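I have placed the structure first, in the form of structure tokens, so that the comments after it can refer back to it.
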Amino acid sequence: RGRRRSRMRVGSRGDGVARARSAKARGAHRGRSTRPPRGPPCSLLLVALLSIHCASMGAAPAETELMAGVAVNGTTAKDEAAFFNFTLAPYEDAVLTLTMLDGDADVYVLGPSFRSDSSWGPGPDYVGPDDNFNMYDSFWRSYESAGTDEVLYISSIDSLSAGDKTQNRTFRVGVWGWSRWGERGAEGSEWLLSFVPRNHTSAANRADQKAAMRAAFDACCGDASACQAWRDKDDDAVPTDACHVRGNVCDEFGALAVVNFAGFGLTCDLAFLVEALAPVLATATRFDVSSNPGLTTGAADLAAYPNAARTPASTLAALLRATAPNVTHVVLEANGNLFDGSPTDASRRSATTFTQEVCSAFRARASTLATFKARGTGLKGAFPVNEKCLLGAASVDVKISGNALSGALPSPPAGGCPSMLFFRAERNAFEGTIPDSFASGCPLATFLDFSDNRLTGTVPLFGAAGTQDALQYLRAKNNSLTGGVPFSLLSASARLAGLDLSRNYLSGGLPRDALAGARLTDLDLRRNALTGTLPDVMSPEEAADLSTVELDLNGISVSASSASRLLTFVDLAENAFEGYGFPDALVAAPELTYLYLENNALTGDLPLLTNGNAADLERSVRFRKTRVLSLSRNRFTGVVPDDHLLLDVFTAPRGAVVDEISGAYVPLQHVYDISENFVGGSIPTWFAMYREYDYITVKLENNAFACPVPDAVRYLYAETECVAESEDDYVGGSASGRKAHTDDANGGIGDGNIAAGITDERAYNPSSSSSSSEPSRSQGFLGFGSLETAAGAGALFAALLALSLLAHAAFRANLARQRRRALARDAFVDRLDDIGRRNAWGDVEMGDRREGG
């Protein structure tokens, strides 16, 4: 299942709620090292197996017992969990309710076959092993519960999940937090959890709805592989009673309140479903048909269903009208080109999806409809001019991204959207300005995304104090926005966590306390026309009077090095910033992992990583967690400090990030790029230690390094580009002898003799001014013809194996010698491990699905 090493901590805050913390975190406070061996894959496998064994030996976290009808209040921080259990008597089902008070959390349930001592815990299936459980999984779970309540029906119909219904059974529950901050001020996610038992034998779908669901089953589940969760376990040709289908919820009278067809593999027309399920939709407050790529519009059989909608637009209007008056959720997303209509009959297509008829249907549900998700469904055309549509007073989560919508953005109604948490309209073709009402009329908005459109005008005053305090993430990249960056978004008092306004036409400077926000983690302003100096102070007082800047013993601003700062990702590349490029507010941020400053006019010597005290080399004060350091095409000087070998670029294990669109794991490339500057001195030979690491890229070309280039690093830098001592009065960093930047076809590298980057396979050849080709690591270093006998093949294999083992041993011995020489590096790695930052599996930087990845 592509499980990853968990970085989650387990626990919660709240009365009567069990809490357990990571043993690694506890060990760090006792000064206990948690560093795994750093070696080849076989060693990593051994450590992984040992970690699983140790996890299985540890005590499982305590679980709080739920009492029927009694709600338990709790708060879970981001990536934390609270664990519970409840017991059902024979022939009982349960209705489990997670009521969200603030933030975003989800509930996960395991059946009685997974006892508390089974090494399995209730939670997301990609988590594990950790210090509490070997693996996590769930039979029942909720999805994206922010702003709404989640109700799960735990049916005893399936003995594999729910156990023997003739016996008492215990179910285990985990509530996992996904928000670092709630929209109403909670530190994490606040919720209520309760359950109510129901009699299993009396829970049955009422007759008219049962007949309607059978008609839908027969028409939409023709493929034997479709609707597996709906098929009867004894006879897969008939459906299970809808009240007992996982994801559905019936009320006490057998009427469906939640209808969930998500991922069923339906192959029919949505207009047919609307027509056939009329009795069902009349009581349904939630209707989910997401992730059914075989679902269509404009293709219903009008002969059999003459009242069915003919076009995509009329189908959407009919769906909204057919749902219960108090409908809260309509989820259609990830259904391919659902609203494309008939490919052969133009009369059954819609040039515009949001017609006046559709907008009228939305307005009729404006007081109750909280969630409308239609991401990537083929929505097209413009919204009616001067007509309110889509958004209403009850709107909480609206996603229309990845479609072909054009014209002006839909705007909040006159009274605003007081409950709005999420609005995503990225990857469309919207034009015009961003309505100011998104900033002034949505006080609880936490995530707004207008990226990848054709929007113009200035950026509204999002995140203003007292007006929109809840805003955490704003994205409007790749548009044509002008003006400056509003100071309400970037300042010491700002509450924003992430800002992406890259690839626009923004101008002006940034406030001096732009990086001082207590929540700020991600800042991307790449490719604009911003000017001035980089933010260099951390508080309004320091911004007003630099004489008030207080320095610590390492010469770093006390406020800049505050351990509470969360700044992780900064991209200010391709602007016109000038002045000193390494202010404390930036480089001393304790969590800074990705830094992009290329293509500006920044100056200054490359700074030390440590405090420069030879007796205290393990204490890093700058770039403490940096894995990407991209500084090319500026005016930086000085030499490469030897303590840069302690950077996480080189010492951190290989990791991955999750692509927010595809959901795929993308390998993380570590980068050390100081090319196209004026850096001098000798190239440190320790760069060669990392030549074998294909996830580390080093770029040094077009600087002022001194001749001769050491043999060990000639693959990085051609000697024809170095500066002879006779040509430069000071080769330790002066630019007097450095070649000027060029803009030739080689990307400014001159005659192309530089082998740029560790992953480049060209090797320096001392007998020629050009580079020779080195065999690719995916190919062998030796070429063989046909092998005539099996014995010859076996002998060759044995010889190669012996040679490989010898080479590996030699490499390990050499690497050990190199590491013994780098005592500071060892001390640095030990310090990282002691605080629990590394593990045998390597870090995986998981993008928060609610925070945009």
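For segment 155-245, a simple Cβ point-charge model (Lys and Arg +1, Asp and Glu -1, everything else neutral) yields a dipole of about 340 debye relative to the Cα centre. The charge dipole of segment 438-545, taken about its Cα centre with unit charges on the Cβ atoms of Lys, Arg (+1), Asp and Glu (-1) only, comes to about 460 debye.
Pairs from the list K78/K399; K380/K477; K399/K477 with a Cα-Cα gap above 26 Å: there are none.
In this structure, E591 and N307 have a Cβ-Cβ separation that, at R0 = 51 Å, corresponds to a calculated FRET efficiency of about 0.30. When peptides 203-210, 224-231, 340-347 are sorted by average Cβ neighbour count within 10 Å, with the highest value leading, the order is 203-210, 224-231, 340-347.
Taking a ≥ b ≥ c as the square roots of the eigenvalues of the Cα gyration tensor, segment 60-150 is oblate, since a/c reaches 1.5 or more and a/b is not larger than b/c. Oblate is the label for segment 216-277, because the ratio a/c of its alpha-carbon gyration tensor axes (a ≥ b ≥ c) is 1.5 or higher and a/b is not greater than b/c. In a simple Cβ point-charge model (Lys, Arg +1; Asp, Glu -1; nothing else charged), segment 574-702 has a dipole of about 120 debye relative to its Cα centre.
Dividing the convex hull volume of the alpha carbon atoms of segment 451-570 by its residue count gives 104 Å³ per residue. With protein chains left intact and a 1.4 Å probe, residues in segment 364-510 average 32 Å² of accessible area per residue. Simple spin-label estimate for F253 and D552 gives 6.5 nm between the two label positions (7 Å along the Cα-to-Cβ direction from each Cα). Once the chain from V657 to Y143 is taken as fully extended at 0.36 nm per residue, the excess over their C-alpha distance is 182.9 nm. Once the Cα-Cα distance is subtracted from the 0.36 nm per residue extended length, the A346 to D469 segment shows a gain of 39.5 nm. Please work out whether segment 124-241 counts as rounded, prolate or oblate from its C-alpha gyration tensor, where a ≥ b ≥ c are the square roots of the eigenvalues and a/c under 1.5 means rounded, while otherwise a/b larger than b/c means prolate and anything else oblate? Prolate, since a/c reaches 1.5 and a/b exceeds b/c.
With a cut-off of 19 Å on the backbone N, the residues of segment 130-147 near the modelled label site 7 Å out from L101 along Cα-Cβ are 145-147. With the simple model of a label 7 Å out from the Cα in the direction of the Cβ, T531 to D223 spans 5.8 nm.
Remark: spin-label model distance R184-S159 equals 4.5 nm, labels positioned 7 Å along the Cα→Cβ axis.
Bridging of K233 to lysines at a Cα separation below 21 Å is possible for K165, K210, once same-chain residues fewer than 8 apart are set aside.
Share of carbon and sulfur in the accessible area of segment 144-302 stands at 50%, probe radius 1.4 Å.
The values are calculated or read from the model by the stated rules, or taken from the named source; none is laboratory data. What you see is a predicted model; the values in this text were computed from it and never measured. Neighbour counts run over all protein chains shown; Cβ positions are idealised from the backbone, glycine included. Note: areas computed on protein heavy atoms with side chains; ligands, DNA, RNA excluded. Shrake-Rupley method; radii C 1.70, N 1.55, O 1.52, S 1.80 Å.
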